[in-house]
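This report concerns only the one structure given below.
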């Protein structure tokens, strides 16, 4: 079953509680945390995550595009995030960090930039609940999907199956009705969608439509 995680990066920051309610039926609410160091953008941090946790029953999927995630990521788990994603390129001790996040009751996830090969992290996969393959360069919403990431999604799914893991495979960046099926066919099962959801007249209906597309494509991929 495909999961849809609408990104509030594309929402109205002045109305975040209302925007969270607008995607009723979503599996997760994706929160992009950027520090203007690891990526050239500055968004929101712990206080907003804590406020969102009180404003919605949708579990929070926090994607930390920050330096020193070893220091900061556990605090997002403590703030109530259901899933905390740190970047492989920024973490000093990814195994230790993943175990710490899990010990605090959140799902541990690791993200890879488009140019970062998944193979070098194969032995680390059992420590994770999810791997995020970025399908754009992290930093800004609204970017065009990078087709060159599709083979990497397929290779990641093959590694997950090779080791008999139940971890999820998430994609983030340019995911829309025009690209989600290719991602699902390649093996992704959790989809971050920003403008495709919050740019729609009915965000909740957009979430349901994207999930149907992904489920149908995944079924065709299995049948093939």
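With respect to (1) touching a helix residue (DSSP H, G or I) at 6+ places or on another chain (Cβ under 6 Å); (2) farther than 18 Å from residue 3 by Cα, the lone exception for residue 149 is condition (1).
Filtering the stretch 59-77 to residues that are touching a helix residue (DSSP H, G or I) at 6+ places or on another chain (Cβ under 7 Å), farther than 20 Å from residue 23 by Cβ and assigned to a strand (DSSP E or B) leaves only 64.
Residues in the stretch 188-209 that are surrounded by fewer than 22 Cβ atoms within 10 Å (Cβ to Cβ) and under 19 Å from residue 130 (Cβ atoms): 189 only.
On the stretch given as the stretch 78-127, residues that are within 20 Å of residue 184 (Cβ to Cβ), touching a helix residue (DSSP H, G or I) at 6+ places or on another chain (Cβ under 6 Å) and buried (at least 18 other Cβ atoms within 10 Å of the Cβ) total 1. Restricting attention to the stretch 82-107, the residues that are more than 28 Å from residue 57 (Cβ to Cβ) and assigned to a loop (DSSP other than H, G, I, E, B) total 6. In this entry, residue 52 passes the filter for residues that are crowded, with 19+ Cβ neighbours inside 10 Å and assigned to a helix (DSSP H, G or I).
Values quoted throughout were computed directly from the atomic coordinates according to the rules given, and no laboratory measurement underlies them. Computed from a prediction, not measured in an experiment: that's the story for all the values here. As a convention, Cβ positions derive from the backbone with ideal geometry for all residues, glycine included, and neighbour counts pool all protein chains shown.
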